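Undergrad: Mind having a look at this structure? Questions to follow.
The values are calculated or read from the model by the stated rules, or taken from the named source; none is laboratory data. Note that this is a predicted model, so its numbers are computed, not measured. Reconstructed Cβ throughout: ideal geometry from the backbone, glycine too, with neighbour counts over all protein chains shown. Surface areas here come from the heavy atoms of the whole protein model, side chains and all, with no ligands, DNA or RNA. Shrake-Rupley method; radii C 1.70, N 1.55, O 1.52, S 1.80 Å.
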Amino acid sequence: MRHFPRLGVNVDHVATLRNARGGPFPDPVRAAHVAVAAGADGITAHLREDRRHIRDEDMARLRREIGVPLNFEMAATDEMVAIAVQTRPHACCLVPERRSERTTEGGLNVRDGHDHLKLVTAELSHAGVRVSLFIEPGESAVEAADSIGAPVVELHTGAWCDALAHGEQERAHQEFERLRRAALLAERLGVECHAGHGLDFDAARAISALPQIAELNIGHFLMGEAIFVGLPAAIAKMRAAIAQGRETAGRG
Ligand code: PXP
């Protein structure tokens, strides 16, 4: 049996809740400690240009305090590259960013942004940071990411999860096929494949059946579940779903 995908827990929305009142709690770094104790393999946080959730000092504390890999999500801007080079997280996931969006609404435009992303990837890699590119699950995007020199891609699962959530079976099937083909191509090119956005227990179980997926990054759903059952229980259930999904990999 292949190894399970790693679970990266995104703590952004603990900071969203904290910032709603302007005080110090709930503390996203405390959530990260709880997540690690509950079995998270890594912690993910997105320092957005507008600092709407995670702030600079949160990222610095996460880097200092947590003992598992930190995945620093960021836009490929000069400001963020400077902060990342100083912070030296385990990994940086480059994402597109628009101020008006509610969340990261699509993958990077790796073809138009090719030259710039190549420079940023080289600079971060030189600083010892593992770079992943958050892309739409299309084969041309995987090829472009590979030509940029990124060792990792993270496939955007948002469209697939949206189709699942709306019970649109045909669209969900098509979106899953795109994910499957993109993951296969990444494997062929030697690019490590991660996935994330909008995953709940069922979606995490289903995508874990793709043996190429090495890591899932999950935030919003887990934090929502945590309100009802607590973060450790939500993470334990997510890990069980991932393990169940991976056990079906290669069957049928
Ligand atoms: N991966 C990336 C690159 C993201 O931008 C996000 C959202 O911040 C996630 C994963 C997690 O998505 P969600 O919060 O919907 O689980």
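Undergrad: Calculate the FRET efficiency for residue 109 and residue 228 from the Cβ-Cβ distance with a Förster distance of 41 Å, rounded to the nearest 0.05. Could the numbers behind the result be given before it?
TA: Numbers: r = 37 Å, r/R0 = 0.91.
Efficiency at R0 = 41 Å is approximately 0.65.
Undergrad: Measure off, as a whole percent, the carbon and sulfur share of the 1.4 Å-probe accessible area of the range 105-252, all protein chains present. Intermediate results must be reported in sequence, preceding the final value.
TA: On the way: 3470 of 6700 Å².
Carbon and sulfur: 52 percent of the exposed surface of the range 105-252.
Undergrad: Using θ = phi - 60° and the Karplus relation 6.51 cos²θ - 1.76 cosθ + 1.60, list the HN-Hα couplings for the range 225-241 in order, rounded to whole Hz, with x at every Gly or Pro.
TA: After applying 6.51 cos²θ - 1.76 cosθ + 1.60, I find 4, 4, 4, 8, 10, x, 5, x, 5, 5, 5, 4, 5, 5, 4, 5, 5 Hz.
Undergrad: List every residue whose amide H lies under 5 Å from the amide H of residue 44, counting only residues 5 or more places away in sequence or on a different chain, with H placed 1.01 Å from N in the peptide plane.
TA: Close amide H contacts, sequence-distant or interchain: 9, 10, 11, 71.
Undergrad: Could you work out the mean projected area of the convex hull around the alpha carbons of the range 123-178, in square nanometres to one decimal?
TA: Values: hull surface 16.5 nm².
That works out to 4.1 nm².
Undergrad: I've got another one for you. State, in angstrom, two size descriptors of the range 158-252 derived from its alpha carbons: Rg to one decimal place and Dmax to the nearest whole number.
TA: Radius of gyration, then largest Cα-Cα span, for the range 158-252: 13.5, 42 Å.
Undergrad: Using the 2.2 N^0.38 Å rule of thumb for compact globular proteins, work out how the range 166-218 stacks up: its C-alpha Rg over that value, please. The partial results should precede the final answer.
TA: Details: Rg = 11.2 Å, N = 53, 2.2 N^0.38 = 9.9 Å.
Against the compact-globule rule of thumb, the ratio is 1.13.
Undergrad: Let me ask something else about it. For the chain, what does the convex hull of the Cα positions come to per residue, in cubic angstrom? Please report the intermediate quantities before stating the final value.
TA: Numbers: hull volume 31.6 nm³, N = 252.
Roughly 125 Å³ of hull volume per residue.
Undergrad: Could you tell me how many cubic angstrom of Cα convex hull volume the range 1-151 has per residue?
TA: Values: hull volume 19.0 nm³, N = 151.
Expressed per residue, the convex hull around the Cα atoms of the range 1-151 is 126 Å³.
Undergrad: Over the range 1-93, with the other protein chains present, what is the accessible area per residue in square angstrom, probe 1.4 angstrom?
TA: On the way: 4360 Å² over 93 residues.
Each residue of the range 1-93 exposes 47 Å² on average to a 1.4 Å probe.
Undergrad: Still on this structure, I have one more. Pick from 230, 219, 158 the residue whose mean-square fluctuation is largest in a GNM of the chain, springs joining Cα atoms under 10 Å.
TA: Answer for the Gaussian network model of the chain: 230.
Undergrad: With every protein chain left in place, what is the accessible area per residue of the range 111-252 in square angstrom, probe 1.4 Å? Display every interim value, and only then the final one.
TA: Values: 6440 Å² over 142 residues.
Heavy-atom SASA per residue in the range 111-252 reads 45 Å².
Undergrad: Under a 10 Å cutoff between Cα atoms, tell me which one of 29, 110, 68 has the largest fluctuation in the Gaussian network model of the chain.
TA: Comparing 29, 110, 68 in the GNM, the peak value goes to 68.
Undergrad: Under a 10 Å cutoff between Cα atoms, tell me which one of 134, 201, 228 has the largest fluctuation in the Gaussian network model of the chain.
TA: 228
Undergrad: Taking amide H positions as placed in the peptide plane 1.01 Å from N, state which residues far from residue 213 in sequence (5 or more) or on other chains have amide H under 5 Å from it.
TA: Here the answer is none, since no amide H 5 or more places off falls under 5 Å of that of residue 213.
Undergrad: Under 5 Å between amide hydrogens, which residues at least 5 positions from residue 95 or on another chain qualify, with H placed 1.01 Å from N in the peptide plane?
TA: When sequence neighbours closer than 5 places are left aside, the close amide H contacts are 74, 75, 76.
Undergrad: Quick one: Debye curve from the alpha-carbon atoms of the range 28-112 only, equal weights, vacuum; give me log10 I(q)/I(0) at q = 0.14, 0.15, 0.23, 0.27 Å⁻¹ to two decimals.
TA: -0.48, -0.55, -1.15, -1.40
Undergrad: Another question about this same structure. Rounded, prolate or oblate, given the Cα gyration tensor of the range 62-207, with a/c below 1.5 counting as rounded? Walk me through the intermediate numbers first.
TA: On the way: a/c = 1.79, a/b = 1.51, b/c = 1.18.
It comes out prolate by the Cα gyration axes.
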